[in-house]
1. Going by amide H atoms built from the backbone, whose H comes under 5 Å of the H on TYR193, apart from near neighbours?
2. What whole-number value in Å² describes the accessible area per residue of the chain for a 1.4 Å probe?
3. On the principal axes of its Cα set, how long, how wide and how thick is segment 162-202? Give whole Å, largest value first.
4. If you count, for each residue, the other Cβ atoms within 10 Å and average over each peptide, how do 244-250, 544-550 line up from highest to lowest?
5. Would you mind getting me the FRET efficiency between GLU209 and SER40? Use the beta-carbon distance for r and R0 = 45 Å, nearest 0.05.
6. List the aspartates and glutamates whose Cα lies under 16 Å from the Cα of LYS489, skipping any in the same chain that are fewer than 8 positions away.
7. Could you grab the relative contact order for segment 373-433? Cα pairs under 8 Å, six or more apart, rounded to a whole percent.
8. Which pairs break 20 Å Cα to Cα here: LYS258/LYS398; LYS197/LYS305; LYS486/LYS566; LYS464/LYS566?
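The values are calculated or read from the model by the stated rules, or taken from the named source; none is laboratory data. Because the structure is predicted, anything quoted here is derived from the model rather than measured. Cβ placement follows ideal geometry from the backbone for every residue including glycine, while neighbour counts extend to all protein chains displayed. SASA here: full protein model, heavy atoms, side chains in, ligands and nucleic acids out. Shrake-Rupley method; radii C 1.70, N 1.55, O 1.52, S 1.80 Å.
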Amino acid sequence: MVQFHLGPRVMKKLILFVTSFALMMSCMSHDLDTTQGQGSDVKENVKNIFGVEFSENQDWKTAFSSSVSVRVNPGDGVNKIQIMALIKEDDENQCLKVLNEFNLTRETFVKLNYDAPKDNLGLYVTYITSSGSYHFVEIKGDEVSMPSKTRRLTRSFNPSGYNLPTGDFFITSSEESYANKRGWVPGEMLYQYSTQKMDAEEYDDEYKETLRLLVFSYFKNGRKYNNLPLVKQTGYYNEKIYPITTGDDPIVLSPVYKNDGGYQEVENSDLYYYYFKEEDLGSDPVGYIESLPKYKAIQLNECIKGDDVISKHASYALMYWGDGVPVVGETQGSFQFPKGYKIGFMIRAKTEAEGKKKQGELYGDGRLNNHVNNYGNFKSSKLGEDGPRMAWLTVNNKMLLCCESGTDTDFNDIIFEVEGGIEGLIVIPEIESNFYVFCYEDQRLGDYDLNDVVLKGRRLSDTKVEYTLMACGALDELFIYNVEGKRIKHDKEVHSIFGRTKPEFVNTLKNDNTPFVVDTITVTSSFSFLNADTQPYLYDKTKNWEVRIAREGQDPHAIMIPYDFKWPLERICINRAYLKFNEWGTGLVTSTDWYKYPEEDKVW
């Protein structure tokens, strides 16, 4: 046995520390009020506020915890593992959310814990390679391996298997652009030639599913999302949207998706392209590009039909027509582009049913859209004078050109695969981590606006969790426990974390936009947002009680929502901000997605 001998001065300090600590803990545990969520008066208050009695079996849980063991083949080039959930974002969108992730070094076996929304549509282990390829394997048990058939991890941008059209190709006709006719770009001309459709190798089911999962998790459907910031975030827009020719293989485009909501906007559109050398731009780059001839590559109504279908069945090779102004019937084209040219694209919308307001040239380079973006129906997109109409994404080494041909700014109306003799623009869509929002009521007989503290968490990795303090609709002196960061921690009062010197409402009134406070903490790999030992909870110093997430049979004084969430405004009960809340509280299995349908005028 090892013995330690302490001197009298050290022993005296140690005894004093232990005695003080024990006294503090004794006072806290002895005096702490533990009646939150209990008692007949609480039940009566719930009935008065909500107008119903909630089921005694309601546990208020919207998520569950689990784990999966993941096997990795060292030869597959996988450097990251993610656990993802497919969720119903709203009535238009299903998208992926990351629940946990692990960066591999030499591991061949990893066990990952995760918290998942109860109403998920599927859970996946995602294998991600160093080149950015994604491979999804659905979780159906406790262990997952990547099937050998998915180990085709890379593919060149160069096309293979195409039989290029043969013969001589000439410019067959020309016409003025809409911009020319309207006086926006005098002299701009569009040129047509006898394009030849080639048969394309259809995508396999795995790639179709991968494309759908990634693209529509990143570019969500619908006007309310406004994906323009995501486009700009990639860095490849306007003057940087142009891929550069390599001078070797032909450049091949394949339309692979369209969705215009049945308005036939896509069928009534054509894809055009143009090209130039950087050194020729001069002092007025936009004016020079506007003066260039634009060539029709694809008439979309002959090759793409049906909404919301991913299919690659037709391809088109672009032609190089030399520099300068082409002459109808004389200028001859070649499938071989010289090296070093920049290639640009334009959708020519020709919808007649809605009149001229839906007709115009829509460019990937937003600098060329300064007129059309503010014309007729197009201006409702709010893209602004220099808003781009196209964006690049890379899905498993395939370059995808994603187009906004209408007004909702979601950039997924038409998608083309572009391959061949161009330098690849690598824009791999990053999937968001799932959020878990903790909403607390600090009063024992509360008003159930559940905004007295609003705290959002998300798991960044196996050992990192990010918390965001978003609101405080309480005047009591409150502290958050189980979050020990640099800015959010148990010894800092909640109002002071927001920089307030006195108790007052923060971000629970309509016109308050106080900046959120973000912090990151280190956790163990066994961490769970649902575990009471690691789950955030409040200490109300004013009333000397704790506020923990509601348990079965209690009132909903604190709940966790497994998505980003709009909390009620001050003194608006949650059942007025979310009209299906009572159905969930009384029915257990009904309206389990109540938190996706807020009354917008009653939430922050």
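1. THR172, LYS296
2. Counting only protein heavy atoms, the per-residue value for the chain is 45 Å².
3. 42, 26, 9
4. Averaged packing, sorted descending, gives the order 544-550, 244-250.
5. About 0.25, to the nearest 0.05.
6. LYS489 reaches GLU466, GLU477, ASP519, ASP533, ASP540, GLU546.
7. Here the relative contact order equals 28 percent.
8. Checking Cα-Cα distances, LYS486/LYS566; LYS464/LYS566 exceed 20 Å.
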